[in-house]
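S.K.: Mind looking over this structure? Questions follow.
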């Protein structure tokens with residue numbers, strides 16, 4: 001994946017600006033489970049996903065996780081370079097959910113580029129607004145939807161991502177995504193199983209009645 005493909009405003013950059021981005025970007029590969037950005041402890045830089053899948057999440061004071069959004073091929077992660085936006089302080093962790101290849105642009109280089117290029121700054125703000133919309137959507141789900149609805153939605157989303165109705169997921173991993181305790185997930189999955197929506201086995205959740213799950217998610 002060429003670097004220029006990530007920026008619709010590429011042709012509005014000067015030749016020197018394009019060259020600076022090309023020279024500063026490094027292509028990297030990481031294994032599933034690698035933490036690429038650890039909250040406010042570092043300023044990794046701008047991540048541009050070539051292949052694979054990343055997960056951005058936050059941790060509560062009690063150590064409970066909740067997924068904010070995921071990043072796929074052609075997505076750009078700004079919060080991993082949040083130090084270049086001093087008015088925004090987010091302790092977000094970014095982890096590889098699959099083996100992932102990405103471009104990394106140093107935060108300072110990209111910050112200087114935004115200050116010099118209005119089109120790039122505007123495009124970056126559009127990405128930021130999109131991420132905020134995703135986070136706000138998540139907050140609405142947490143506030144207004146019951147846990148069984150959120151769990152049904154999550155299982156259906158996972159099935160779509162994996163291309164399979166048989167999901168290799170532990171109850172703890174599901175809880176981390178949804179910001180809930182493992183015990184709560186276990187109780188709800190057992191209820192789903194009793195209602196004929198899923199079939200549970202060790203480390204696996206099989207979706208057996210998609211219509212019921214879809215109706216619950218929409219309720």
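S.K.: Does residue 167 satisfy being more than 29 Å from residue 61 (Cβ to Cβ) and in contact with a strand residue (DSSP E or B) (Cβ under 6 Å, 6 or more places away or on another chain)?
M.R.: yes
S.K.: Does residue 118 count as surrounded by fewer than 14 Cβ atoms within 10 Å (Cβ to Cβ) and either on the phi > 0 side of the Ramachandran plot or in contact with a helix residue (DSSP H, G or I) (Cβ under 9 Å, 6 or more places away or on another chain) (or both)?
M.R.: The answer is yes for residue 118.
S.K.: Taking only the range 172-207 into account, find how many residues are surrounded by 15 or more Cβ atoms within 10 Å (Cβ to Cβ), in contact with a helix residue (DSSP H, G or I) (Cβ under 8 Å, 6 or more places away or on another chain) and either in a helix (DSSP H, G or I) or assigned by TED's automatic domain parsing to the domain that holds residue 65 (or both).
M.R.: Within the range 172-207, residues that are surrounded by 15 or more Cβ atoms within 10 Å (Cβ to Cβ), in contact with a helix residue (DSSP H, G or I) (Cβ under 8 Å, 6 or more places away or on another chain) and either in a helix (DSSP H, G or I) or assigned by TED's automatic domain parsing to the domain that holds residue 65 (or both) number 10.
S.K.: Condition (residue is touching a strand residue (DSSP E or B) at 6+ places or on another chain (Cβ under 9 Å) and assigned to a loop (DSSP other than H, G, I, E, B)) applied to the range 141-152: is it met by at least one residue?
M.R.: No; the residues of the range 141-152 include none that is touching a strand residue (DSSP E or B) at 6+ places or on another chain (Cβ under 9 Å) and assigned to a loop (DSSP other than H, G, I, E, B).
S.K.: Moving on to the next point. Listed residues 112, 125; which is more than 26 Å from residue 184 (Cβ to Cβ), surrounded by 14 or more Cβ atoms within 10 Å (Cβ to Cβ) and free of Cβ contacts under 8 Å to residues at least 24 places away in the same chain?
M.R.: After applying the criteria, what remains is 112.
S.K.: So in the range 1-39, with the set limited to residues that are surrounded by 14 or more Cβ atoms within 10 Å (Cβ to Cβ) and over 25 Å from the mean Cα position of the chain (by Cα), which one is farthest from residue 113 (Cα to Cα)?
M.R.: Residue satisfying both the conditions and the ranking: 12.
S.K.: Of the residues 108, 62, which is outside the structural domain of residue 178 (by TED's automatic domain parsing) and assigned to a loop (DSSP other than H, G, I, E, B)?
M.R.: Only one candidate passes the filter, namely 62.
S.K.: Within the group 132, 102, which residue is under 15 Å from the mean Cα position of the chain (by Cα) and either outside any helix (DSSP H, G or I) or at pLDDT 90 or above (or both)?
M.R.: Every option except 102 fails the conditions.
S.K.: Follow-up question, since we're still on this one. Based on what the data block shows, is residue 161 closer than 19 Å to residue 97 by Cα, touching a helix residue (DSSP H, G or I) at 6+ places or on another chain (Cβ under 8 Å) and not in a strand (DSSP E or B)?
M.R.: No: the conditions fail for residue 161.
The values are calculated or read from the model by the stated rules, or taken from the named source; none is laboratory data. Quick caveat: nothing in here was measured; it's all calculated off a predicted structure. Every residue, glycine as well, gets a Cβ built from its backbone with ideal geometry; the counts of neighbours run over all protein chains shown.
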